[in-house]
Amino acid sequence: MTGLMVGPFVTSADEAREAIYGILEASLTHPDGGVWGQLVLADAQRRAIAAADLLREIAMSVSYPRLEGEGPARDLDLRALMVDLCQPLPQLKAGYERVICTKKPRPGCSPFALDHRRGLTERKAREALEALKGLYLSFEDFDAAEGRRRADHVACEIGFMRWLIGKGRVASLLCPFDPHAGEYAARCGLAQRDFFGNHLASWLVPFATGLQRNARSGYFETLGRFLAALAPFERHHLGIPAEAGAAPSRGRRRRISMAS
């Protein structure tokens, strides 16, 4: 099971982020993984829309750098995606396999994060995968193998962010009662910053661009626009410099505007 939360209301940025990462994790998992049914539950959809609305409100109230390929804060809206998901599962599955099928994905649409790093040798890729597995194992409660084949599957990396946000949020709530909770919450917060900066930032925008270019309309095009807008907001929220949004192997992306 993914960490998709139900119930229509969110009350904090991290609660909204956890809900959104849960939706993204489920939607990027292959439909045969058995989690897509959660995406069409009315409560889950209301919560996802409320979460995105809260983040959009926050994003549009501040200014932050937006790099080439990244979307504006107004695209942090999940209404269109929720509508696109209201299709028969076989139709959604056909769309998934047409765009990001693991056997032969469309250009820029590979579901494996390491495929978006140009110039990565086979040895370096193996080392990166082992390091990623080690990172997951350092947080004993996170199940990286659930429904995914590789540690760098985009759904797995998104799921790890969702897990870190949720664990950190709960630990923060427990601080008045548990003397060790604050230390664990800080660890989760630092891990979020490091994981986004060192992992998600290298593939999120290229992947989003590939989805928009190849899907052109419908569910994956909408998802690509949302991911492109989420990247600069997350970088700002986590206090990561804009330069971290450009993967070293691809060179720096041009800074084009402020978000709002």
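Plugging the Kirkwood radius over Cα pairs into Stokes-Einstein for the chain, at a temperature of 37 °C and a viscosity of 0.692 mPa s, what D comes out in µm²/s?
Numbers: Rh = 18.5 Å.
For the chosen part, D equals 178 µm²/s.
Select from the stretch 54-105 those GluC sites (Glu not before Pro) which occupy a DSSP coil region and have at most 15 other Cβ atoms within 10 Å, ordered by residue number. Loop-located and lightly packed - E68. The lysine pair tally for the chain, using Cα distances under 24 Å and a gap of 8 or more places or different chains, is 7.
So which trypsin sites (Lys or Arg not before Pro) in the stretch 88-162 end up in coil per DSSP with only 15 or fewer other C-beta atoms within 10 Å?
The qualifying sites are K103, R118, R149.
Please give the FRET efficiency for R74 paired with L120, using the beta carbon to beta carbon distance and R0 = 22 Å, rounded to the nearest 0.05. Working shown, then result.
Details: r = 34 Å, r/R0 = 1.56.
The pair R74/L120 has a calculated efficiency of 0.05.
Since only I240, L41, A228 are under comparison, the one whose Cα sits farthest along the positive direction of the charge dipole of the stretch 13-258, derived from C-beta charges on Lys, Arg, Asp and Glu, is A228.
Counting Lys and Arg as +1 and Asp and Glu as -1 over every other residue whose Cβ lies under 11 Å from the Cβ of A16, the net charge comes to -1. Near A215: Cβ cut-off under 12 Å, other residues only, Lys/Arg at +1 and Asp/Glu at -1. The net charge is +3. Label point of A186 set 7 angstrom out along Cα-Cβ; within the stretch 156-171, amide nitrogens under 20 Å from it belong to 164-171.
Quick note: the coordinates plus some simple rules give every number you see, no bench work behind them. Just so it is clear, the model here is predicted, and its values are computed rather than measured. All Cβ positions, even for glycine, are placed from backbone atoms using ideal geometry, and neighbour counts span all protein chains on display.
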